[in-house]
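The values are calculated or read from the model by the stated rules, or taken from the named source; none is laboratory data. Just so it is clear, the structure is predicted and the values come from calculations on it, not from any experiment. As a convention, Cβ positions derive from the backbone with ideal geometry for all residues, glycine included, and neighbour counts pool all protein chains shown.
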Amino acid sequence: MAGTYYDPADLPRFSEMSEGAPELWTKFMEYYGAVFEEGALSEREKALIALAVASAVQCPYCIDAYTQASLEKGSNLEQMTEAIHVATAIRGGASLVHGVQMKNIAEKLSM
Amino acid sequence: MSTPFPTLQKRGDELASGESQRRILEAPGRFPRFDDVLDGVGPLRTTSIDVFQVNVGKLCNQTCKHCHVDAGPDRKEIMTQATAEECVRAIERSGVKTVDITGGAPELHPTFRYLVRESKRLGCHVIDRCNLTVLNLRSQADLLEFLAEHSVEVIASLPYFQARQTDAQRGDGVFESSILALQKLNGAGYGQGNGRQLHLVYNPVGAFLPPRQASIEADFKRELKQRYDITIDGVYAITNLPISRFLDFLRTSGNYEAYLQKLIDAYNPAAAQGVMCRTMVSVGWDGRLYDCDFNQMLDFPVEATAGRHVRDFDPARHVGRRIRTGRHCFGCTAGAGSSCGGETA
Ligand code: SF4
Ligand code: SF4
């Protein structure tokens, strides 16, 4: 048992999640593979979106995988950093825009 | 421009020896052997000898961090005129159509121009594997004119279209000097889609695989045109093989095992079918024969039955020659494949 919840050696063990529900795993992997194929968006754009989402959901496995994938699709550090800023802006903006909800409630409650 | 990375040889590093490198690469343990993974495709044999690649030696004006030759200004391995003449006789006997000259910086070697002239006289297409900065050396003021006059194809290294990545791999100031050299090449008619061909070699600046060639080529063409008004004929995407100084980088940065595993996981049987060693022979600075430039740097000569020196080169004995492989070969078979001409699958 690793000393921490997150262990880099766990990433290659991802496929062990097929045990217990192999059909669901197969469906997920087919879908996952199709999502990242070149389509209306390029593979490179999809890897950058994945990197930004990985940062937003704070998944160290996905950050590792999609940092490598972004480099391997030809992105550079500037592009990858901007992608992280997009995630950061949306996370920050999402908190801030929820302030309107606070305002609505405060207005309703106040005299 | 500086040369900040001393050669492995100068450092007295164990990786300076090809045998030590192979011992590390072939260590028993968790990684499969290349020939076992080849299953169905192998064992690899040559099908023809279309390319005669000559490595004239390890002298270079740079000491790039990833160099698979461990080249540098301090290297003394330089082809002699006698060996170059043996090469020319072998080229004539073989009837090959392409002579590919590499190094080090091949242009700095005394036999370079002789090999170009003689190969042209024999009707061969000649490739110069050029590091670009050599074109700006004072001693090479007439090099560009020489290359253009002989319609030598220039295949030049530029790992990225930005200075930070390029200089991190190749040394401070290399990017700026490379851009100047590319502008000079354009000025001499190179990279304009006519007879004077100019291709760039992209290779990853780190422990990751290259992108698809078409995708990185489009980036290079667009960015070089926009930023520097440079045009090129194409880009070859090449994977770094885990040998020599790149192996040193992998080991000291803690990336060795993950990188080898990445190459193995990306094994592509179609790329294995297309490996460049099936259609070439590689000659070392001392005339010894190898399956490819990588095996040359691992001191891993061709199988003995084919004859191991260029003076004895008999093309018939090299067709069907069994290729000597190792785990470094996973670099040629990963993803879309990798060769001196880029993708293979
Ligand atoms: S990679 Fe090429 S330019 Fe760089 S040190 Fe090696 S031979 Fe010289
Ligand atoms: S490293 Fe050399 S021998 Fe091995 S597959 Fe590549 S070209 Fe062939």
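With respect to B:Arg75, determine if the residue is closer than 18 Å to B:Gln296 by Cα, within 16 Å of ligand 2 (Cβ to nearest atom), surrounded by fewer than 22 Cβ atoms within 10 Å (Cβ to Cβ) and not aliphatic (A, V, I, L, M). Taking the combined requirement at face value, the residue does not satisfy it. Under the condition of being surrounded by fewer than 18 Cβ atoms within 10 Å (Cβ to Cβ) and of a type in the set (A, V, I, L, M, F, W, C), which residue from region B:315-345 is farthest from ligand 2 (Cβ to nearest atom)? Checked region B:315-345; the qualifying residue farthest from ligand 2 (Cβ to nearest atom) is B:Ala316. Taking region A:5-100 and the helices (runs of 4 or more DSSP H) fully enclosed by it, the elements with 1 or more residues that are surrounded by fewer than 12 Cβ atoms within 10 Å (Cβ to Cβ) are at A:22-35, A:77-97. Residue count for region B:173-187 satisfying the condition of being out of contact with any Asp or Glu (no Cβ under 9 Å at 6 or more places or on another chain) and closer than 16 Å to B:Glu145 by Cα: 6. Return a yes/no flag: does region B:239-252 have any residue that is at negative phi and within 14 Å of another protein chain (Cβ to nearest Cβ). Looking through region B:239-252, at least one residue is at negative phi and within 14 Å of another protein chain (Cβ to nearest Cβ).
If you go through region B:322-336 and keep only what is in a loop (DSSP other than H, G, I, E, B) and modelled with pLDDT of 90 or more, you end up with B:Ile323, B:Arg324, B:Thr325, B:Gly326, B:Gly335. For region B:261-305, the set of residues classified as away from ligand 2 (no atom under 12 Å from the Cβ), touching a residue at least 60 places away in the same chain (Cβ under 8 Å) and among the small types (Gly, Ala, Ser) consists of B:Ala266, B:Ala270, B:Gly284, B:Gly287, listed by residue number. Here B:Leu115, B:Leu132 are screened, and the one residue that is out of contact with any Gly (no Cβ under 6 Å at 6 or more places or on another chain), touching a residue at least 12 places away in the same chain (Cβ under 8 Å) and within 15 Å of ligand 1 (Cβ to nearest atom) is B:Leu132. Scanning region B:195-214 for any residue that is more than 27 Å from A:Glu43 (Cβ to Cβ), surrounded by fewer than 20 Cβ atoms within 10 Å (Cβ to Cβ), away from every other protein chain (no Cβ under 12 Å) and among the polar types (S, T, N, Q) turns up at least one such residue. When you check B:Glu176 against the structure, is it without any contact (Cβ under 8 Å) to a residue 40 or more places away in the chain and within 14 Å of chain A (Cβ to nearest Cβ), yes or no? Against the criterion (without any contact (Cβ under 8 Å) to a residue 40 or more places away in the chain and within 14 Å of chain A (Cβ to nearest Cβ)), B:Glu176 does not qualify.
In region A:38-50, the residues that are facing chain B (nearest Cβ under 9 Å) reach residues that are surrounded by 14 or more Cβ atoms within 10 Å (Cβ to Cβ) and among the basic types (Lys, Arg) with C-beta atoms within less than 7 angstrom, at least six apart or across chains, in these pairs: A:Glu43/A:Lys73; A:Arg44/A:Lys73. The set of residues from region B:215-226 being surrounded by fewer than 22 Cβ atoms within 10 Å (Cβ to Cβ) and within 7 Å of another protein chain (Cβ to nearest Cβ) comprises B:Ser215, B:Asp219. Please enumerate the residues belonging to region B:210-259 that are out of contact with any Asp or Glu (no Cβ under 8 Å at 6 or more places or on another chain), in contact (Cβ under 8 Å) with a residue 24 or more places away in the chain and of a type in the set (Gly, Ala, Ser). Across region B:210-259, the qualifying residues are B:Ser253, B:Ala258.
Residue-by-condition table, conditions (1) under 21 Å from the mean Cα position of the chain (by Cα); (2) more than 16 Å from ligand 1 (Cβ to nearest atom); (3) within 14 Å of chain A (Cβ to nearest Cβ); (4) closer than 28 Å to B:Leu209 by Cβ:
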residue	(1), (2), (3), (4)
B:Tyr259	yes, yes, yes, yes
B:Ala266	no, yes, yes, yes
B:Ala271	yes, yes, no, yes
B:Gly274	yes, yes, no, yes
B:Val281	yes, yes, no, yes
B:Arg288	yes, yes, no, no
B:Asn295	yes, yes, no, yes
B:Gly307	no, yes, no, no
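For region B:33-85, residues that are away from ligand 1 (no atom under 16 Å from the Cβ) and part of a loop (DSSP other than H, G, I, E, B) total 13. Checked against (1) under 16 Å from the mean Cα position of the chain (by Cα); (2) away from chain B (no Cβ under 14 Å); (3) not acidic (Asp, Glu), A:Thr26 passes all but condition (1).
One line per residue, one yes/no per condition, for (1) surrounded by 15 or more Cβ atoms within 10 Å (Cβ to Cβ); (2) within 27 Å of B:Arg170 (Cβ to Cβ):
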{"site": "B:Asp13", "(1), (2)": "yes, yes"}
{"site": "B:Glu19", "(1), (2)": "no, no"}
{"site": "B:Phe34", "(1), (2)": "yes, no"}
{"site": "B:Val37", "(1), (2)": "yes, no"}
{"site": "B:Ser48", "(1), (2)": "no, no"}
{"site": "B:Val51", "(1), (2)": "yes, yes"}
